[in-house]
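Taken together, the values in this text are just the output of simple stated rules run on the coordinates, not laboratory data. Please read all numbers here as calculations on a predicted model, not as lab measurements. Neighbour counts run over all protein chains shown; Cβ positions are idealised from the backbone, glycine included.
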Ligand code: GLA
């Protein structure tokens with residue numbers, strides 16, 4: 001009797017387990033790969049510097065540079081080919097092909113090369129019929145393209161939003177996201193929809209990051225007007241991040257576009273741009289020629305202390321605490337009760353600043369954290385100058401050069 005009951009229970013349990021498994025599969029399929037971009041992704045992309053002048057030779061040389069110049073050691077991983085790697089037409093079977101002149105060995109061989117340098121390869125496509133550069137997009141070829149990328153060993157897909165008549169962004173991006181996941185290869189999915197349909201409100205489970213704005217350009221303050229569209233300077237993009245910080249976190253980042261460090265701004269401007277992107281917990285995708293950099297550019301891109309602010313495991317974006325006379329003070333909560341602080345001088349000329357900690361009350365309503373300067377003393381470290389500046393028991397006084405920042409880390413004493 002007992003035995004029968006046991007058999008019935010085992011059968012019932014097995015049934016229940018099967019039911020639960022089916023329910024799990026139904027509710028959670030397709031699953032977002034859990035371990036991707038738990039801190040903002042770091043790498044390089046060809047567009048900002050090279051636009052359509054991409055080739056397998058260039059990508060190999062960039063991978064060589066990244067692997068040996070200190071960038072890989074500083075955390076950069078992805079080598080990403082942007083638009084115009086594709087041949088002008090698909091083959092008769094609808095398969096996407098690499099441009100036979102500029103990528104004659106094919107993407108798989110290139111991926112093998114990049115992997116052999118201990119790095120990962122990224123690629124680019126578009127949700128529409130054509131990419132912004134006029135090459136075949138993935139519309140109606142999502143599964144075929146995702147399978148091709150996976151079979152080549154691609155690790156990252158940036159997915160653009162040109163030639164999309166009749167498409168809705170959430171559905172179009174979900175379609176490629178599902179196709180990528182169905183391959184079983186963990187491919188980081190970087191949405192490039194320019195913020196038009198507010199992807200921060202719907203893309204958290206679709207990909208690992210979403211562009212929040214139109215394209216960046218190598219200007220600190222200003223726009224380049226192309227008539228139909230504009231390119232934005234660093235400060236313009238910064239201002240467009242207003243209200244978005246609550247949407248970002250580990251595995252799902254706001255992307256204010258790729259870095260322009262080393263592409264023509266002054267050293268101060270490059271430093272400010274890089275620091276702000278670190279404060280914003282933005283993907284750090286360098287966009288300069290890594291083969292030929294001056295020492296200042298490399299120093300900025302590889303600063304471990306500033307990168308640690310970006311890569312902090314809490315993944316909380318900075319908040320703008322105050323703004324007066326073109327001087328802004330930003331705070332970013334960090335792990336272990338630490339904080340990063342950035343004083344940004346938007347003016348062209350230097351500005352003296354004084355910050356009397358005891359009189360300031362920094363409260364983050366979103367992460368529910370407070371600095372509590374009245375009861376907690378922090379050690380103050382200038383991250384760029386590598387100097388200890390005492391503690392929060394005495395006011396901070398400094399001069400911030402024009403178009404530059406003061407970057408501080410506050411560690412509890
Ligand atoms: C769009 C994107 C850019 C770049 C180009 C390529 O403008 O926003 O980042 O990928 O397309 O054509």
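Identify which of 100, 40, 283 has the largest mean-square fluctuation in a Gaussian network model of the chain, with springs joining Cα atoms closer than 10 Å.
Result for the chain, Cα springs under 10 Å: 100 fluctuates most.
Per residue of the chain, what 222 nm ellipticity follows from adding -39500 (n - 2.57) for every DSSP H run with n ≥ 4, rounded to the nearest 500?
-8500 deg cm²/dmol
What shape does the chain have by the C-alpha gyration tensor, where a ≥ b ≥ c are the square roots of the eigenvalues, rounded means a/c under 1.5, and otherwise prolate means a/b greater than b/c and oblate the rest?
oblate
Is segment 226-274 best put as rounded, prolate or oblate by its Cα gyration tensor, with a ≥ b ≥ c the root eigenvalues, rounded for a/c under 1.5, and otherwise prolate when a/b is larger than b/c, oblate when not? Let's see the in-between values first.
Details: a/c = 2.16, a/b = 1.32, b/c = 1.63.
Oblate shape, in that a/c is at least 1.5 and b/c is the bigger or equal ratio.
So how far, in whole Å, is the C-alpha centre of segment 121-180 from the one of segment 188-247?
Each part's Cα centre sits 19 Å from the other's.
How would 252, 403 line up from fewest to most surrounding beta-carbon atoms within 10 angstrom? Before the final figure, lay out the partial values.
Working: 252 19, 403 25.
Least crowded to most crowded, the residues run 252, 403.
To check you understand DSSP bridge types, tell me what percent of the beta bridges within the chain (both residues inside) are antiparallel, rounded to 5.
60
State the Cα centre-to-centre distance between segment 309-346 and segment 64-79 in whole Å.
Rounded to whole Å, the Cα centres lie 26 Å apart.
Defining a contact as two alpha carbons under 8 Å apart and six or more residues distant in sequence, what relative contact order in percent does the chain show?
13
Most exposed first by the Cβ proxy, i.e. fewest other Cβ within 10 Å, how do 224, 307 rank?
Fewest-to-most Cβ neighbours within 10 Å comes out as 224, 307.
Once the Cα atoms of helix 106-116 and of the chain are each reduced to a long axis, what angle between those two axes, in degrees from 0 to 90 to the nearest 10, is obtained?
Taking Cα atoms only, the helix is inclined about 50 degrees.
Who wins for biggest fluctuation among 273, 141, 336 in a Gaussian network model of the chain, springs between alpha carbons below 10 Å?
The residue that fluctuates most here is 336.
Multiply the residue separation of residue 359 and residue 304 by 0.36 nm, subtract the distance between their alpha-carbon atoms, and state the gained length in nm to one decimal.
Values: separation 55, 0.36 × 55 = 19.80 nm, distance 3.09 nm.
Between residue 359 and residue 304, full extension yields an extra 16.7 nm.
For the chain, take the longest principal axis of its alpha carbons; what is the angle in degrees between that and the long axis of helix 56-68, to the nearest 10 within 0 to 90?
Computed tilt is about 50 degrees.
When a/c is below 1.5 the answer is rounded, else prolate if a/b is larger than b/c, else oblate, so apply that to segment 229-355 with a ≥ b ≥ c taken from the square roots of the Cα gyration tensor eigenvalues.
Because its axes are fairly even, with a/c under 1.5, segment 229-355 counts as rounded.
Expressed in nm to one decimal, what extension gain is obtained for the pair residue 196 and residue 314 from 0.36 nm per residue of sequence separation less their Cα-Cα distance?
This chain segment gains 39.7 nm when fully extended.
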